[in-house]
Amino acid sequence: MDSFKALRCHAADKTVDARIEQMPVDELSEGSVLIRAAWSGINFKDALAVTGAGKIMRSMPMNAGIDVAGTVETSEDPRFRPGEPVLVTGCGLGEARDGGFAEFTRVPADSVVPIPDGWDARQVMAIGTAGFTAAMALVRMEQNGQHPDLGPILVNGASGGVGSYAIRLFHRAGYQVTALTGKANAADYLRGLGASDVLLTADQDLGKRPLERALWGGAVDSLGGEQLTWLTRTVQPWGNIGAVGLAAGIELNTTVMPFILRGVSLLGINSVECARDLRLAVWRRVEELLEPADVESVVTDEVGLDGVLPAAQELLERKRRGRTLVRIAS
């Protein structure tokens, strides 16, 4: 194995030059487990990274891709053996260390999760960071007292990867789910995932009062900005909001009133740097609620490494829904 193929990002005049190139294994980021990659997937963060639309990578050159699944090639850690099916989501991949859009990835052993029995590399990458993040929102919200009797869960950015899995997971956990989307043509897709109601963003009056009529038992917010502000004002007493993304902005302009008068909790969902015990618990919750066949309804496309850049651009332009998988192995 003299060299392998990778989608490697280079700094170029205040932007990013992402290109497929050959590189030797000894130039990979340090780690005790070398993974032969089979599948990855394109997340919003990946799209920002490879297009240069957002500053995601802490240094360059670096291989892109915040997720990877495949088999252990070599391991210095006795917990993992060559040939074992494994996955990594987050943990600095494609941000602080070489990522998963490459035929090989080397990582610290604590980042590695065995692929659950009955699942394969493609299926767990159909879940990827998007599904893992949605599942973490469910776990953390329930740890903080969320339950179906509080009322429906509002999921915005509903046709994206995180939103799609949030609908599926909360539905499977016994919640009524309302999907909020800007895409009128996504309604059938969202109902197929388990949404009881589908609302269009353009039809919503977000209001301006510190507290609006309480509508939702809780919420999963992928957008930030005005949408998250609105959710703080419209969640039922003792409900939780899982804040998972910033697709519509980083601002949050609200008051303390939802928190001190309704007991609403705003929970930050950081799927990148979570403790290993929590990471394993979230994957167990995924196993409890989903079957491998469930992921097919969320997968909308597959591309090779050469298809990552155009797919990433379309994702930023909101021309894609669900999950786009990246086929690494030939």
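The values are calculated or read from the model by the stated rules, or taken from the named source; none is laboratory data. Every value quoted in this text rests on a predicted model; they were computed, and no experiment measured them. As a convention, Cβ positions derive from the backbone with ideal geometry for all residues, glycine included, and neighbour counts pool all protein chains shown. Heads up: the accessible areas ignore ligands, DNA and RNA and are worked out on the full protein's heavy atoms, side chains in. Shrake-Rupley method; radii C 1.70, N 1.55, O 1.52, S 1.80 Å.
Take Met136 and decide whether it is in contact (Cβ under 8 Å) with a residue 40 or more places away in the chain and more than 13 Å from Arg284 (Cα to Cα). Walk me through it before giving the result.
Working: in contact (Cβ under 8 Å) with a residue 40 or more places away in the chain: yes; more than 13 Å from Arg284 (Cα to Cα): no.
No; evaluated as a whole, the condition is false for this residue.
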Practice task
For segment 193-201, indicate whether the set of residues that are of a type in the set (D, E, K, R), loosely packed, with under 15 Cβ neighbours inside 10 Å and in contact with a Pro (Cβ under 9 Å, 6 or more places away or on another chain) is non-empty.
Solution key: yes
Exercise for the section: Scan segment 85-121 residue by residue and report those that are in a strand (DSSP E or B), open to solvent by less than 10 Å² (accessible area, probe 1.4 Å) and more than 13 Å from Asn63 (Cα to Cα). Expected result: Val86, Leu87, Val88, Thr89, Val113
Practice task
List the number of the failed condition for Phe4; all other conditions in (1) touching a residue at least 60 places away in the same chain (Cβ under 8 Å); (2) surrounded by fewer than 24 Cβ atoms within 10 Å (Cβ to Cβ); (3) at positive phi hold.
Solution key: (3)
Fill in the blank from the handout: Restricted to segment 157-166 and to residues being under 16 Å from Ile241 (Cβ atoms) and assigned to a helix (DSSP H, G or I), the residue most open to solvent (accessible area, probe 1.4 Å) is Val162
Practice task
State yes or no: is Pro61 touching a Gly at 6+ places or on another chain (Cβ under 7 Å) and open to solvent by 10 Å² or more (accessible area, probe 1.4 Å)?
Solution key: no
Practice task
Evaluate the following for Val272: is it of a type in the set (Val, Ile, Thr), outside any strand (DSSP E or B) and under 16 Å from the mean Cα position of the chain (by Cα)?
Solution key: yes
Practice task
Specify which of the listed residues (Val139, Val124) is open to solvent by 10 Å² or more (accessible area, probe 1.4 Å), farther than 20 Å from Leu316 by Cα, outside any strand (DSSP E or B) and modelled with pLDDT of 95 or more.
Solution key: Val139
Problem - Qualifying position, being over 13 Å from His171 (Cα atoms) and crowded, with 17+ Cβ neighbours inside 10 Å, among Leu190, Leu223, Leu211 - result: Leu223
Exercise for the section: Inspect segment 292-301 for any residue being free of Cβ contacts under 8 Å to residues at least 24 places away in the same chain and either assigned to a loop (DSSP other than H, G, I, E, B) or within 21 Å of Ala135 (Cβ to Cβ) (or both) and give the result as yes or no. Expected result: yes
Practice task
Give me a count of the residues in segment 219-234 that are in contact with a helix residue (DSSP H, G or I) (Cβ under 6 Å, 6 or more places away or on another chain) and either part of a loop (DSSP other than H, G, I, E, B) or farther than 21 Å from Ile250 by Cβ (or both).
Solution key: 1
Problem - Selected residue [out of contact with any helix residue (DSSP H, G or I) (no Cβ under 9 Å at 6 or more places or on another chain) and open to solvent by 10 Å² or more (accessible area, probe 1.4 Å)] from His147, His171 - result: His147
Exercise for the section: Filter segment 286-323 for residues that are at pLDDT below 90 and either open to solvent by 70 Å² or more (accessible area, probe 1.4 Å) or among the aromatic types (Phe, Trp, Tyr) (or both) and give the result. Expected result: Ala293, Glu296, Arg318, Lys319, Arg321
Problem - Members of segment 273-285 that are closer than 17 Å to Met125 by Cα and open to solvent by 20 Å² or more (accessible area, probe 1.4 Å) - result: Leu280, Arg284, Arg285
Exercise for the section: Might you let me know whether segment 243-250 holds any residue that is free of Cβ contacts under 8 Å to residues at least 40 places away in the same chain, exposed (fewer than 13 other Cβ atoms within 10 Å of the Cβ) and either assigned to a loop (DSSP other than H, G, I, E, B) or among the hydroxyl-bearing types (Ser, Thr, Tyr) (or both)? Expected result: yes
Problem - Where a residue in segment 116-128 is β-branched (Val, Ile, Thr) and its partner, wherever it lies, is in a loop (DSSP other than H, G, I, E, B) and open to solvent by 10 Å² or more (accessible area, probe 1.4 Å), with Cβ under 8 Å and at least six apart - result: Val124/Ile115; Val124/Pro116
Problem - Cβ pairs under 6 Å, 6+ apart, first in segment 303-318 and closer than 11 Å to Val50 by Cα and without any contact (Cβ under 8 Å) to a residue 24 or more places away in the chain, second open to solvent by 10 Å² or more (accessible area, probe 1.4 Å) and part of a helix (DSSP H, G or I) - result: none
